[in-house]
Amino acid sequence: MSQALDKTYSPANSESTWYSLWQASGIYHSAPSERTPYSVLMPPPNVTGILHFGHVLNNTIQDIYIRWARLNGRETCWFPGLDHAGIATQTKVEKELKKQGLRRHDLGREAFIERVWEWKNTYGGIILEQLRTLGVSADWDRTLFTMDESASQAVAEVFVRLFDEGLVYRGKRIINWSPVAQSALSDEEVIFREVREHLYTLQYHLEDGSGTLLVATVRPETIFADVAVAVNPHDERYQHLIGSRVMVPLTGRSVPIIADDYADPTFGTGCVKITPAHDPNDFEIGQRHGLPILQCIQADATLNELAGEFAGLERFMARKKVVARLEETGLLEKKEDYTHNVGFSERGEEAVEPYLSDQWFVSMKPLAGPALEAVRDGSITFYPNHWVRTYEHWMSNVRDWCISRQLWWGHRIPVYYAEDGRYTAAMSEQAARIKLGLEQGATLRQDPDVLDTWFSSWLWPMTTMGWRGPASDEVTRDEQSEKLMRYYLPTNLLVTGPDIIFFWVARMIMASLKFKGVIPFRDVYFTSILRDAKGRKLSKSLGNSPDPLNVIEKYGSDAVRFTMIYLAPLGMDVRLDIDEKTQDIASMELGRNFANKVWNACRFLQMKKFDVAQATSADAEYEPSTADRWIRSRYASTVQAASKALDEYRITEYAKILYDFIWRDFCDWYVEVVKVQLTQAPSDSQRVAILDNAFSVIDGTLHLLHPVMPFITDELWHGLLGHTAEESISTSTAPTAQTGDIDLVTEERFETLQQVVEALRRQRSEMGIPPGERLDVHLRVRQDEVEFYSSQGAVITALARCAELVIGHDLDKPQGSVGDVVRGNEIYLVVAGKIDFEKERARITKEIDRLTAALAGVEKKLSNASFVANAKPEIIENERQKQADWTDALMKLQRNLASI
RNA sequence: GGGCAGUUAGCUCAGUUGGUUCAGAGCAUCUGCCUUACAAGCAGAGGGUCGGGGGUUCAAAUCCCUCACUGCCCACCA
């Protein structure tokens, strides 16, 4: 046994020491072996990322399962990595440049990308470093960056393959445009927010001067691109006008009045202006009716020459001016307040502009079918399961995925355009020439755009294992990565937030099925959403997202991990009591106090071990006490329950089971009894036998606790059980439930003992007896229990602070005593002169009232013929037993009351 | 408009298959303790009838219906 443990657990030093040891010994590296694999894919944090509490929760859960699998002898691999996060990273670097008064175009594409790489190299690994502070036991040797060479190749090959199959195509569509990023966005990157604007009703004069059509719009700045006004074909008000023309205000242009069901006669005036270039619905109507397309808003969200005097104005400024001019010219009929939803860019704060442009799309329907099936047929299980509905809904209505981004940072689209306008996707210029049937040296231009970040993320299950794409599979055949995928795929668990179920989870399922014919993972655990005390999501901008490293520094990593797990039930939001001023989370004390409790329980055992003579061996004749057998029984149940909770992904319960076992059973009762047993034991060899029992329970308990509290458990495992520095609890073996140790008879007996002690304590407290004062106690028990209670005399005496303890079957209530009844046992505490008769009478009366009411309930049940006829026999028997017990207790209490 | 969660003690939440005093835990509150592992602790106490209403059942916090409120996701009719 090593050095004495300190009085208080101080995580700061020991945690980093342990992590260094773990890392140096490379114990978390994994490779295919004879053992059953267990693998987890880490959701790759962004290179710009800094650890936040979402990561803490997410990675703690993953680490728990990884460590638990490792303890259970699985070949355990946790694949970590980093995401290049296209838009996010590029925006960051552009902001940096802006401080120097530069824009990316000033540098040029190549120099700019170089700057981003510099940024990535400087800040990219920070979060991975931070995850180590948290204790994450990933296989760092396998860390992958989504823009690493192998991953990039896979991305390009996948693109080419899908292009060749016609599943990736180019098209001119209305897409979500971010004027700030100057790039397209996918539908998933747009979030809708309610906005209070105005609904303007404009006068469109009929071209022949015969009247005016009133048209409502929230975007009067788009009138310059109007190509028609639509009315409902069944709308009698306007039927006669269909086919005639109206003048678009402020333009001198006339457009036709067309009939289309899209126009809702009950909304506004029933007339809709049609602007195909600036509204997805209008675009479709334009297609249906063969209308021309006019575009008046440009990529930077300013108006172009079509807008005449308004050209060059930013869209919202233009709206103001246009409205003003309409007002002047009398063409503005009315202006009403109007609240509706507007799409905003997920990252930036700006309103997304529906923008007509050439983009690349993935045709999703063919990919969605098998992916939907894999979840429906149970090959993949979601926890909590209700997310399946969301998944199904999205998958059934999936729309094509816009994957091109007008950015520089990312995987360049492997498409080459010939001078004649033809194009193809290929792995190189030369390959493209061959595909297009062009001669060597023919000029080609590569598509300037890059791919959506998620186009690399969806290959994560394969690229993390070294996959280089479908063509490589067929041609070069990478044995190494093939072996890894055969062994580790499908991975066992994915832990992620429900917010990226469409972005990532669904698409990984599609890609893995498409390219490897295998599901990427079996179980998906959706984590809780973290909120502050006011219920708001944690976010940097709100200032309600403390830096986890500071919190870890204050409470310890184990404490933070434990608290997060304890507080975060499966599938529900979690409120954290974040103090915005101090950036502190006081509830972390729960974990810290618990860690300290574990620490001190071990410290106690260690001290007792030091007290016995060195090298004493356990007395083979030692007969385990009731408490010894009780704690073994409780421990066996705990192993069983904790394992089951983990298997079922009820990690909060796992945490609670351990918390209660260690604190309530082990510390509050077992350790207290052990103190008595050690004092009473006649020899050191007996003491060693007693301690052996305690050590074996604490050894197993540390293993159970290790997945959630890796640092302190390894430290105690060494400090207490004398393991060498080369060993780690994390690579030792988990305990299995010894169901034979579960002994319900002993548990019942011990519980009664606990209740007797508690009753005595309650009496003392109510009578105001100072804790130090010892009083006589008389226990009247059943004849056949006298021996048992006598054997527990020392324990009761110590825990209930008795002076003299008299145990017998045939005892009378002593003079000057207060009494109580516990499971048929009568307890008398001799308080002599200190007795407060009023209080005592009140206490017993209250107890009698309670029992009388409870008994009445039972008797009512038992006298109910249908209850007796229908209820299960054991339930009825139970009620009968209660009736007997309570009748007996009532009798004893009444006698007690009478004697006061 | 469609879908999914949630509503249990002052606060944050447990409560697996309806039935052992199941109405629990932590924090907070109150009382008393530095009892030689732990004051980051120990011993006690008070506090809720389980959102409202209805139903099924011998029996409901637990199952069904309905209403209300809260949150999230999807859709997005100018």
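For chain A, what relative contact order do you get, as a whole percent, if you take Cα pairs closer than 8 Å and at least 6 residues apart?
That works out to 13 percent.
Computed over all pairs of different Cα atoms, the Kirkwood value for the hydrodynamic radius of the range A:102-163 is 14.4 Å.
In a simple Cβ point-charge model (Lys, Arg +1; Asp, Glu -1; nothing else charged), chain A has a dipole of about 800 debye relative to its Cα centre. Between A:ASP573 and A:ASP420, residue separation times 0.36 nm minus the direct Cα-Cα distance comes to 49.4 nm.
Between A:ARG531 and A:GLU96, the simple spin-label model (points 7 angstrom out along Cα→Cβ) gives 3.7 nm.
Per-residue ellipticity at 222 nm computed for chain A from its helices equals -13500 deg cm²/dmol, with DSSP H segments shorter than 4 residues left out and the rest contributing -39,500 (n - 2.57). Per residue, the range A:12-127 exposes 42 Å² of solvent-accessible protein surface, assessed with a 1.4 angstrom probe and all protein chains in place.
Applying 0.36 nm per residue to the separation of A:ARG762 and A:SER428 and subtracting their alpha-carbon distance, the gain on full extension is 111.9 nm. Computed from label points 7 Å out along Cα-Cβ, the spacing between A:HIS29 and A:GLN815 is 8.2 nm. For the range A:542-549, 3J(HN,Hα) computed residue by residue from phi via the Karplus equation (6.51, -1.76, 1.60; θ = phi - 60°) reads 7, x, 10, 10, x, 6, x, 5 Hz, glycine and proline entered as x. Rounded to the nearest Hz, the phi-derived 3J(HN,Hα) couplings of the range A:493-502 under the Karplus curve 6.51 cos²θ - 1.76 cosθ + 1.60 (θ = phi - 60°) are 8, 10, 10, 7, x, x, 5, 10, 4, 8, where x marks glycine and proline. Going by accessible surface with a 1.4 Å probe and the largest first, A:THR563, A:THR17 read A:THR17, A:THR563. Bridging of A:LYS882 to lysines at a Cα separation below 26 Å is possible for A:LYS813, A:LYS846, A:LYS860, A:LYS861, A:LYS872, A:LYS892, once same-chain residues fewer than 8 apart are set aside. With N as its number of residues, the range A:533-668 has a Cα radius of gyration that, divided by 2.2 N^0.38 Å, comes to 1.38.
Computed from point charges on the beta carbon alone (+1 for Lys and Arg, -1 for Asp and Glu), the dipole magnitude for the range A:452-500 about its Cα centre is near 160 Debye. Annotation: for a label point projected 7 angstrom from Cα along Cα→Cβ of A:ASN385, residues of the range A:571-602 with backbone N closer than 18 Å are A:571-572. Backbone amide hydrogens, once placed in the peptide plane, bring A:LEU494 within less than 5 Å of A:ASP523, A:VAL524, A:TYR525, excluding anything fewer than 5 places away on its chain. In the range A:598-640, whose amide N lies under 15 Å from the spot 7 Å out along Cα-to-Cβ of A:TRP663? List them in ranges. Of the residues in the range A:598-640, A:598-601 have backbone N under 15 Å from the label point off A:TRP663. Calculate, for A:LYS872 and A:ASP584, the FRET efficiency according to 1/(1 + (r/R0)^6) with r their C-beta to C-beta distance and R0 45 Å; round to the nearest 0.05. FRET efficiency, A:LYS872 to A:ASP584: 0.30.
Taking a point 7 Å from the Cα of A:GLU773 along the Cα-to-Cβ direction, the residues of the range A:730-764 with backbone N closer than 17 Å to it are A:760-764.
Cα convex hull, the range A:68-130: 108 Å³ per residue, rounded to a whole number. Could you name the lysines in cross-link range of A:LYS320, using Cα to Cα under 26 Å and dropping any fewer than eight places away on the same chain? Partners found: A:LYS273, A:LYS334, A:LYS335.
What shape does chain A have by the C-alpha gyration tensor, where a ≥ b ≥ c are the square roots of the eigenvalues, rounded means a/c under 1.5, and otherwise prolate means a/b greater than b/c and oblate the rest?
Prolate is the answer for chain A, as a/c is 1.5 or above and a/b outweighs b/c.
Residues in the range A:408-422 carry Karplus couplings, in order, of 10, 8, x, 7, 5, 5, x, 10, 10, 10, 7, 5, 7, x, 6 Hz; the curve used is 6.51 cos²θ - 1.76 cosθ + 1.60 with θ = phi - 60°, and Gly or Pro positions show x.
Please list the non-local residues whose amide H lies under 5 Å from the amide H of A:ASP400, H modeled 1.01 Å from N, same-chain partners needing a gap of 5 or more. Correct list: A:MET364. Pairs from the table (A:LYS95/A:LYS120; A:LYS597/A:LYS675; A:LYS92/A:LYS581; A:LYS172/A:LYS435) lying more than 22 angstrom apart at Cα are A:LYS92/A:LYS581; A:LYS172/A:LYS435. Among beta bridges from DSSP that stay inside the range A:742-900, the antiparallel ones total about 65%. Distances between placed amide hydrogens fall under 5 Å for A:GLU75 paired with A:THR36, A:TYR38, all partners being 5 or more residues away or on another chain. A straight Cα-to-Cα reach below 19 Å connects A:LYS516 with the lysines A:LYS365, A:LYS483, residues fewer than 8 places away in its own chain not being considered.
Could you work out how much longer the chain between A:GLU333 and A:GLU621 gets when fully extended? Use 0.36 nm per residue separation minus the Cα distance between them, nm to one decimal.
Length difference between fully extended and current span is 93.5 nm.
Once the Cα atoms are used to define both axes, helix A:589-611 deviates from the longest principal axis of chain A by about 40 degrees.
Solvent-accessible area of chain A (1.4 angstrom probe, protein heavy atoms only): carbon and sulfur portion equals 49 percent. Rounded to the nearest angstrom and ordered from largest down, what semi-axes does the equivalent ellipsoid of the range A:225-326 get from its C-alpha gyration tensor (root of 5λ)? Ellipsoid semi-axes (Å, largest first): 26, 14, 12.
The values are calculated or read from the model by the stated rules, or taken from the named source; none is laboratory data. Not measured: the values here are computed from a predicted model. Reconstructed Cβ throughout: ideal geometry from the backbone, glycine too, with neighbour counts over all protein chains shown. To get the accessible areas, we keep the full protein, side chains included, count just its heavy atoms, and leave off ligands, DNA and RNA. Shrake-Rupley method; radii C 1.70, N 1.55, O 1.52, S 1.80 Å.
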